[in-house]
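To keep things clear, I will list the structure first and then write my remarks on it.
The values are calculated or read from the model by the stated rules, or taken from the named source; none is laboratory data. Everything quoted here is computed from the prediction, not taken from an experiment. Counting neighbours? That spans all protein chains shown, and the Cβs are built from the backbone with ideal geometry, glycine included.
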Amino acid sequence: MKTLIGALQEHAAHVVNRFYEELGRLPKSRRILEMLSGAELAHLKSRQIQNLLALANLGLTAREHAEMAQRIGRIHAIVGLDKEELVRSRGILQELLYAEVGRTVSAQQLSLYTRRLTSDLAWQLKAYQDVQDSQQEALLRITRLVWEAGTYTNFIDQVIATLAAHGEVTACTIGRPDAEGIFHFEAGSGGKTEGGMLQVLVAHDQVISVRADHPQGQGAVARAWRSGKPERVVNYQTDPLVTAWREVAAREGVRSSVAIPLAAPGQPPLAVLSLYSAFPGGFVGPEQVAFVDLLQTLLGCAAMRIPIHDGMSAAVPVSVRQHWAALVRTGALQMHYQPLLNLSTGRAEKVEALARLRDGERLLVPDDFLSALSSDDLLALFTSGLDQALADRARWRAQGRDLDISINLPPAALNDIRYFEATRGALVTHGCPAARLTLEVLENEALSLIQGQRGILAKFRELGVLLAQDDLGAGHSGLTRLRELPFDWIKLDREMVKLSGGDALNTLRVIYQLTRLGHSLGRQVLAEGVDTLDLLHALAILGVDGAQGFGIAKPMEGARLLEWLDCTPDFVASVSAEADAGAGPGKESLLARLARFVIWEERMLMIAALPQASRDLLQALTREDGEGGGVPLAQSLAGFGNILPPGPRRDALHRQVVGALLAEGAGSEAWRNALRALMEAITGDA
């Protein structure tokens, strides 16, 4: 082979130059070559010469040859040179080699070299298959993430981790713009320098804007945000739109990229994912375009699900995310407590523990930081928060206040057994009976009915803790879960009890029906977001078991909680008495009278649905008894009670409304007119 090596050393440069001239005549190969700068093309030719000489080396082992060929084949696959073009180009190369060196070497040497060239092609083709297999594996994993990931933060972290493991991707980042259009990177992986591509981008003095009229709004990320389509940088060394990032790209070993918007069909993007390649034209070949298109379709599905089931906060730069994650683990967590009022006793017997993060002079609430935490951060937050809450409970108990504790359990906990282990350990550590702890499970699409999650819920039930379905009504399948999952409490979402405009009556109707449904299923019902005493009284009338909200008390530090309990306002102690109509006829608030009307209406509609009962009640009410009041039992069933003050107007309205319902039916115009008159009387007396 020494003669062959000598011949190659003499003729290889000429062969390679001729080879690239011929490749320039092939459309697909020419497209790839045109992506390169002059320096890059010269470097490519130099590497080609080295490869030809390496194949003639007598010491080249089969393993070394396979590794070298697969490395080169992987590059060819990544830059989009299709297999047919690769095979065709190899034929051209062999013809040129035969023409230049075939006359000066023996047939045996040429035959051995030809076999190595054939093996080289076979190994390169295997590398193509490996790249395609890696693409499919990445797409399958992301498909699972789309339907399983609970929060935006967890989703992007897992997507980044999945794509960073894919061989075509040297680095990847994801982020969103703020209200001013300035783009913030939120997660990333890969790159050569310490800290990786993400940290380099974050530290760079050039901002990225998504605005078309901004000087830094012309790059791939900005174009993808505006167009809703993947946008590419074919070569950082030749693209004039990314001149400011050229040095960074070279330092990180990045030579091309594609920016992929996460957008539901017909909707603006949720975020932009960028994939970076170590080679020019890394995402423009047919296989790569198909991969990017499928990836965008999957990400579009996530863009439809995440805002609905997780909600979306503003973009959080990765540096801020990392800072908040550090706060969770460094003693900055402070638990505050909001009393939960028992409406049957008028006393606060339980408190909800709510996380706060002390960041210098600022006290961050969950709406600020929760969505920016990763899955491991959330576990650390739950573990530390539960430990702090149970320690506070033990101190209160030593001071004569034996309170139950309620704390939020993230939906991710039903996919992660570590939450159960943390709960069991904390109960033992602090000597807290399991039944004194309630775990509130957020109404979220991540809470499905699959067997594994049922199993974790069953473990919590076996442990003896109580379970509450939080924010009933905030999601889309709460009633199904209420029926099928083992909750002890349900918490009505604050939007469910929010009174606005003239909709108070319908709001109270919904609250009453959900309360009856909860009770019929053996659940207790608590209303969140109670902001007035009138609403508190109305909820007590409707049979709601508990309430919390600013109208009772705001969340407070543990030390202040004991002071609040010692100075509980008089209205709290009197709720039970007021609910028993202690205020007297006609003296209650409008909401209280509307609540009583809701109960009366439901009772009357049930009677009206039974024809014989309806006729019997109507006869009893019209039968003279004493001063014309009717049969006492009938009056008890159909009387107005505290809905209106006594007097001729109330008696007339009573006859009109009851008569219309029992004689004409709930669908009659007479019933609707009578109800309208009754509502005018109730609201007019407010």
**Asked** Restricting the first residue to region 283-305 and requiring it to be at pLDDT 90 or above, which pairs with a second residue that is part of a helix (DSSP H, G or I) meet a Cβ separation below 6 Å and a spacing of at least six or different chains?
**Response** PHE283/VAL292; PHE291/GLN135; LEU294/LEU139; LEU298/ILE142; LEU298/THR143; LEU298/VAL146
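Condition check: modelled with pLDDT of 85 or more and farther than 17 Å from GLY167 by Cβ. Does LEU58 satisfy that?
So LEU58 does not fit the description; no.
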**Request:** Considering each residue of region 219-241, count those that are closer than 15 Å to PHE185 by Cβ and in a loop (DSSP other than H, G, I, E, B), and give that number.
**Result:** 1
**Within region 376-394, considering residues that are surrounded by fewer than 19 Cβ atoms within 10 Å (Cβ to Cβ) and at pLDDT below 95, the one farthest from VAL328 (Cα to Cα)** = ASP376
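Out of the residues in region 221-241 that are closer than 24 Å to ASP293 by Cα and free of Cβ contacts under 8 Å to residues at least 24 places away in the same chain, which is surrounded by the most Cβ atoms within 10 Å (Cβ to Cβ)? Full working, then the answer.
Step one: of region 221-241, the residues closer than 24 Å to ASP293 by Cα are 221-236, 239, 241.
If we keep only those that are free of Cβ contacts under 8 Å to residues at least 24 places away in the same chain too, we end up with 226, 236, 239, 241.
Values: ARG226: 16, TYR236: 21, ASP239: 19, LEU241: 13.
Out of the qualifying residues, it is TYR236.
Quick check on this structure: which one of GLU137, GLU67, GLU95 is surrounded by fewer than 16 Cβ atoms within 10 Å (Cβ to Cβ), more than 30 Å from ALA7 (Cβ to Cβ) and either modelled with pLDDT of 85 or more or assigned by TED's automatic domain parsing to the domain that holds SER257 (or both)?
Numbers: GLU67 fails: more than 30 Å from ALA7 (Cβ to Cβ); GLU95 fails: more than 30 Å from ALA7 (Cβ to Cβ).
It is GLU137.
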**Request:** Please identify the pairs in which a residue from region 242-271 that is in a helix (DSSP H, G or I) has its Cβ atom under 7 Å from the Cβ atom of a residue that is of a type in the set (Ser, Thr, Tyr) and at pLDDT 90 or above, counting only partners at least 6 apart or on another chain.
**Result:** VAL242/TYR236; TRP245/TYR236; ARG246/TYR236; ALA249/TYR236
**Prompt:** Going by the structure shown, is VAL87 in a helix (DSSP H, G or I) and either in contact with a Gly (Cβ under 9 Å, 6 or more places away or on another chain) or basic (Lys, Arg) (or both)?
**Reply:** no
**Complete:** Over region 57-91, the set of residues in contact (Cβ under 8 Å) with a residue 60 or more places away in the chain and small (Gly, Ala, Ser) is ALA77, GLY80, SER89
**Item:** Residues of region 379-407 classified as farther than 13 Å from VAL465 by Cβ and touching a residue at least 60 places away in the same chain (Cβ under 8 Å), total
**Value:** 5
**Message:** Cβ-Cβ under 8 Å, sequence separation 6+ or interchain: first residue in region 197-208 and in the same structural domain as HIS184 (by TED's automatic domain parsing), partner aromatic (Phe, Trp, Tyr). Which pairs?
**Reply:** MET197/TYR276; LEU198/PHE185; LEU201/PHE185; VAL202/PHE185; HIS204/TRP245; GLN206/TRP245; VAL207/PHE183; ILE208/PHE183
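Being touching a helix residue (DSSP H, G or I) at 6+ places or on another chain (Cβ under 6 Å), buried (at least 17 other Cβ atoms within 10 Å of the Cβ) and of a type in the set (D, E, K, R) is the requirement here; does ASP368 meet it?
Values: touching a helix residue (DSSP H, G or I) at 6+ places or on another chain (Cβ under 6 Å): no; buried (at least 17 other Cβ atoms within 10 Å of the Cβ): yes; of a type in the set (D, E, K, R): yes.
The answer is no for ASP368.
Can you work out which of the residues in region 552-568 that are part of a loop (DSSP other than H, G, I, E, B) and modelled with pLDDT of 90 or more is nearest to SER589 (Cα to Cα)?
ILE552
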**Asked** With (1) out of contact with any Leu (no Cβ under 9 Å at 6 or more places or on another chain); (2) touching a residue at least 40 places away in the same chain (Cβ under 8 Å) as the list, and ALA107 as the residue in question, which single condition is left unmet?
**Response** (2)
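What are the residues in region 533-548 that are assigned to a loop (DSSP other than H, G, I, E, B) and buried (at least 22 other Cβ atoms within 10 Å of the Cβ), if any?
Taking region 533-548 as the starting set, the residues that turn out to be assigned to a loop (DSSP other than H, G, I, E, B) are 542-545, 548.
If the condition is that a residue be assigned to a loop (DSSP other than H, G, I, E, B) and buried (at least 22 other Cβ atoms within 10 Å of the Cβ), then LEU542, VAL544, GLN548 are the ones that fit.
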**Request:** Output the number of residues of region 510-532 satisfying the condition of being under 18 Å from ALA592 (Cβ atoms) and either surrounded by fewer than 18 Cβ atoms within 10 Å (Cβ to Cβ) or outside the structural domain of PRO339 (by TED's automatic domain parsing) (or both).
**Result:** 3
**Message:** Could you check region 324-342 and list, in sequence order, the residues that are buried (at least 16 other Cβ atoms within 10 Å of the Cβ) and either under 23 Å from PHE185 (Cβ atoms) or at pLDDT below 90 (or both)?
**Reply:** TRP324, ALA325, LEU327, VAL328
**Fill in**
Picking from THR104, THR193, the residue that is within 30 Å of LEU55 (Cα to Cα), hydroxyl-bearing (Ser, Thr, Tyr), more than 18 Å from the chain's Cα centre (by Cα) and assigned to a loop (DSSP other than H, G, I, E, B) would be THR104
